[in-house]
Every structure is written in structure tokens, then in C-alpha cells.
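Take a look at the structure below.
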Amino acid sequence: MTKIQNSKQQLNKSKTAGLYIHIPFCRSKCGYCDFYSVTSLHQIPDFLKALEREMEIYRREMDRFDSLYLGGGTPSVLTIRDFTNILSQIDKIFSFASDTEITVEVNPADVDRKYLESLRQLGVNRLHIGVQSFDEEVLSFLERRHSRSHAVLAIESAQKAGFDNMGLDLIYGVPGQDRQSWLDNLSLAVSFDVAHLSCYQLTMEARTPLGIRQQRGEFSLPGEEIQHELFLTTSETLEDAGYVHYEVSNFAKNLSAASRHNQKYWNHTPYLGLGPAAHSFRDNRRWWNHRSVNQYIRDLGRGKAPVEGAETLTDGQLQMEALYLGLRTKKGIHLIDFSARYQCDLLSENGDIRATLDKAGLVVIKDGYLSPTRTGFAVADSLSQIWKLS
Ligand code: SF4
């Protein structure tokens, strides 16, 4: 075992894991979506039986969890009875901290106050609503099945149901979108005073229906300059409104509202992912399930883990990932911790690079952290590629 793997294993032991469950169903597919989901809702009962079997297989994989995230797909295609069964099964099989963050993603078209109150009563304490836009034309372009009024009603119903920890997903950089129309979306989102906002730039995967239409030349996305301006506008507007821009795409009213679960993906904390296409990570090993509900149900019917592949990360890959993910967060990278965990002094061989980035206003070093500035955030994915790791 290498020194890094040894120190990673020590570190993994000291960090509490997260549990993710992928609900792979949607009532219809959005044109830009590259997440794994299917519309064959009649398979839900078989999927839920398979999920119970998968939980049994991983009963002893991780000691304890302090976050549970039900994502998808669209978890809100499930009934309250489905949620009751899943949560009671999870509770029987796994061990959780008393203050566990329990998040459920919902589609605005699926939920009303009664449904949301029931989720709240089941112990769900964080709700993530896939709003994407308050603009009817944008919703139609994205092929979302909800309207602006669905989105507004879902937010208000969630607040009445007692969700004080709520996040909204929004998308910018849609064809034809200008700064003002995006600002209108942001200001409406801010007016609800929700705890968390995730703002994603629209990207097109070639295999999606909208990706295919883009390749045919039916539309084009805004150019790099406009995207850059929209990114900076988002950051400035939301920080002015009192949000902390704590990760490239994520904003929280205060740091206690930052997603505990998602932070585990960014700092090499162990997580267990159940459901088709779900990924898991522990020590220096990552594994992932088949991207197929049919195969998932078949494998678990035979008592077999539905794992499609696994990889053991090398020391270099661990370092590179930690650098890449760390520079996507406002806090950045703690230089002494990084050196202890990854056996790599980021500054000793990179003094010139650091000075150049510093001068360009892309990074700062403060209180022992190497952190991106707002402008650095806008090019965060390139920053990590500039460093030479020894
Ligand atoms: S609802 Fe979400 S997961 Fe389902 S198709 Fe749309 S973007 Fe994809």
C-alpha cells in the first residue's frame, strides 16, 4: 500500500459517509438530460424490490452515514407509501447520525402541500426542487413538463409544509437568453428567500435530443463571452443578495445550508450509491452500477451486486482529483492538509505558476488556503490542469 493510500484510508475512517439512492424514473425525458432515467414507471415495484436486496448486500460496507440523498431521475414519481417503505428499510439496515441531512429531489409538477407535508413527517429535512427556469419559453425549449406556476406553487407549498432548508436548481446559458432575462429569474428565486440555489450553465451532450438538434444546426448556445458574463452576473447578484458562492455552481444563505451530501463528493469522503448508474467511493476505490434498470433488477434477482465496473485510483489520480475538486470550491485547498493527505507540496514546484495565477487575479493564498477568486471560479476546470504535481 502506498503512503497516500494509507493516509486516505485513515482519513476515510475519520469521515462520516453519505448514502445516495438513484431513483431512475421520470414521467417524460427532458431534451438536454444525460442523467440515467427511463419512463417505464410500471417497473417501479420491481425496482423497489431490487433496491431492498441491494441494501442487504451493502449492509456492512460503511459504518455510519450522516447524509442521505434521494436523487434521480425524479424521486417524486414515487408515492408516499414508497418513500415510507424505502426509509424504513434504510433505517433497519444502515446506521445514521441523529442529525442526518435527508434530501429528496422533486419535480414541481408532481408535488402539492399534502405530499410535501408527508415527506416532512417522514423525516425528510431538505428539499431540492428542479425549477430550472421561471420562463415559460425556456421551460418549453428544455422540454420540461412543468410550468412557471407549478414552480412557484411547489416552492410556496414546500415553505408551508415546513421545509426551511430548500434548494432550487436553475439553468442559464439557454439559446437567446440575455443578461436581463436571467436576472429576472434570479430575482424571483431570491424573492423566495430559500436556503440554497444551484445555478448550472446549460451544456449539451451529443447523444441527447437537444444535442442532436444542436449538431443539425437548429440552434446554437450563447458564445463563451456571454456565458462568462452570465456566470459573473450570477455570482455577483447572489452574493449581493446574501448568498455564499461556495462552489462553482452552488450558493447557500449561510455555510450551514451548504449541501452536506454533495461536499462528500468534493473532498474524498466515502459514499455509497444504490440504484442503477449510482457510483460509490471508499478509500482509493470507486465502483459503479449498470446504467440499466433491467440489468439492475435481473442481477439483484439472482442475488448479485449490479456493479458494472470499478477502478482503483492511483496516487496521481487522487492528487489530481483533489486539486480539481478543491479549486472548484470557495474555501479552496488547505495547503498543509493537502500535503499531508496527498504527499504533495503544491507550492514548492509551482511558485512561478502560482505567481502568474495570482497576478492574473485567478487565485489567492490566504490563511493557509489556496483558493480561486470569482474570476478563477469562472475558469475553475482549467486551473487544476495548470499545476504540475510531483
Ligand atoms: S426530470 Fe431530471 S432526470 Fe428526468 S429527464 Fe428531466 S432533467 Fe433528466
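Kindly list, by first and then second residue, each pair from a residue in segment 91-111 that is farther than 16 Å from Ser149 by Cβ to a residue that is of a type in the set (Phe, Trp, Tyr), limited to pairs with Cβ atoms under 7 Å and residues at least 6 apart or on different chains.
Phe94/Phe65; Phe96/Phe65; Thr100/Phe65; Thr103/Tyr69
Are any of the residues in segment 127-134 touching a Cys at 6+ places or on another chain (Cβ under 6 Å) and under 21 Å from Ala151 (Cβ atoms)?
Checking segment 127-134: not a single residue is touching a Cys at 6+ places or on another chain (Cβ under 6 Å) and under 21 Å from Ala151 (Cβ atoms).
Every residue in segment 145-169 that is within 16 Å of the ligand (Cβ to nearest atom) and either in contact with a strand residue (DSSP E or B) (Cβ under 6 Å, 6 or more places away or on another chain) or under 20 Å from Ala195 (Cα atoms) (or both), please.
Once the filter is applied, which keeps residues that are within 16 Å of the ligand (Cβ to nearest atom) and either in contact with a strand residue (DSSP E or B) (Cβ under 6 Å, 6 or more places away or on another chain) or under 20 Å from Ala195 (Cα atoms) (or both), segment 145-169 yields His150, Ala151, Ala154, Gly167, Leu168, Asp169.
Just for segment 68-93: of the residues that are of a type in the set (A, V, I, L, M) and part of a strand (DSSP E or B), which one is nearest to the ligand (Cβ to nearest atom)?
By that ranking, first place goes to Leu70.
With the structure loaded, tell me whether Asp184 is loosely packed, with under 15 Cβ neighbours inside 10 Å, of a type in the set (D, E, K, R) and not in a helix (DSSP H, G or I) or whether it fails that test.
In short, no.
Quick check on my filter: what residues within segment 223-255 are hydrophobic (A, V, I, L, M, F, W, C), closer than 19 Å to Ser191 by Cβ and buried (at least 18 other Cβ atoms within 10 Å of the Cβ)?
Residues satisfying the conditions are Leu238, Phe251, Ala252.
List pairs: first residue in segment 306-325 and free of Cβ contacts under 8 Å to residues at least 40 places away in the same chain, second residue surrounded by 17 or more Cβ atoms within 10 Å (Cβ to Cβ) and aromatic (Phe, Trp, Tyr) anywhere in the structure, Cβ distance under 8 angstrom, at least six positions apart or on different chains.
Going by the 8 Å Cβ cut-off, the qualifying pairs are Val307/Trp287; Val307/Trp288; Glu308/Trp288; Gly309/Trp287; Gly309/Trp288; Ala310/Trp287; Ala310/Trp288; Glu311/Trp287.
Return yes when Glu205 is acidic (Asp, Glu) and either more than 16 Å from the ligand (Cβ to nearest atom) or surrounded by 14 or more Cβ atoms within 10 Å (Cβ to Cβ) (or both) and no when it is not.
Here the answer is no, as Glu205 does not meet what is asked.
For segment 221-242, which residues satisfy the criterion of being within 19 Å of Ser133 (Cα to Cα) and not in a helix (DSSP H, G or I)?
Scanning segment 221-242 gives Leu221, Pro222, Ala241.
Filter segment 94-118 for residues that are surrounded by 13 or more Cβ atoms within 10 Å (Cβ to Cβ), part of a helix (DSSP H, G or I) and not small (Gly, Ala, Ser) and give the result.
Arg113, Tyr115, Leu116, Glu117
Residue under question is Arg60, and the condition is that it be surrounded by fewer than 19 Cβ atoms within 10 Å (Cβ to Cβ) and among the basic types (Lys, Arg); does it hold?
Yes.
Quick one: in segment 94-116, which of the residues that are polar (S, T, N, Q) and in contact with a strand residue (DSSP E or B) (Cβ under 8 Å, 6 or more places away or on another chain) is farthest from the ligand (Cβ to nearest atom)?
Among those that are polar (S, T, N, Q) and in contact with a strand residue (DSSP E or B) (Cβ under 8 Å, 6 or more places away or on another chain), it is Ser95.
Applying the selection to segment 344-356, what residues are in contact (Cβ under 8 Å) with a residue 24 or more places away in the chain and crowded, with 16+ Cβ neighbours inside 10 Å?
Result: Cys344, Leu346, Asn350, Ile353.
Among what's in segment 328-379 and is assigned to a strand (DSSP E or B) and of a type in the set (Ser, Thr, Tyr), pick the residue that is nearest to Gln201 (Cα to Cα).
Here the answer is Thr329.
If the Cβ limit is 6 Å and pairs must be 6+ apart or interchain, which residue in segment 129-144 that is more than 11 Å from the ligand (Cβ to nearest atom) pairs with which residue that is β-branched (Val, Ile, Thr) and not in a loop (DSSP other than H, G, I, E, B)?
Between residues of segment 129-144 that are more than 11 Å from the ligand (Cβ to nearest atom) and residues that are β-branched (Val, Ile, Thr) and not in a loop (DSSP other than H, G, I, E, B), the close pairs are Ile129/Val106.
Quick one: which residue in Asp63, Asp46 is at pLDDT below 95 and not basic (Lys, Arg)?
Asp63
What pairs come up if the first residue lies in segment 277-301 and is charged (D, E, K, R), the second is crowded, with 18+ Cβ neighbours inside 10 Å and not in a helix (DSSP H, G or I), and their beta carbons are under 6 Å apart, counting only those six or more places apart or on different chains?
Arg282/Pro270; Arg291/Tyr36; Arg291/Ala277; Asp299/Pro306
Can you list residue pairs whose Cβ atoms sit under 6 Å apart, with the first residue in segment 148-163 being on the phi > 0 side of the Ramachandran plot and the second being at pLDDT 95 or above and part of a helix (DSSP H, G or I)? Count only pairs 6 or more apart in sequence or on different chains.
Taking only residues 6 or more apart or on different chains, the pairs are Gly162/Arg120.
Against the conditions (1) buried (at least 21 other Cβ atoms within 10 Å of the Cβ); (2) under 16 Å from the mean Cα position of the chain (by Cα); (3) assigned to a helix (DSSP H, G or I), where does Leu300 fall short? Just the number, please.
For Leu300, the exception is condition (2).
The values are calculated or read from the model by the stated rules, or taken from the named source; none is laboratory data. For clarity, every value in this text was computed on a predicted model and none was experimentally measured. Positions of Cβ are generated from backbone atoms using ideal geometry, with glycine treated the same way; all protein chains shown enter the neighbour counts.
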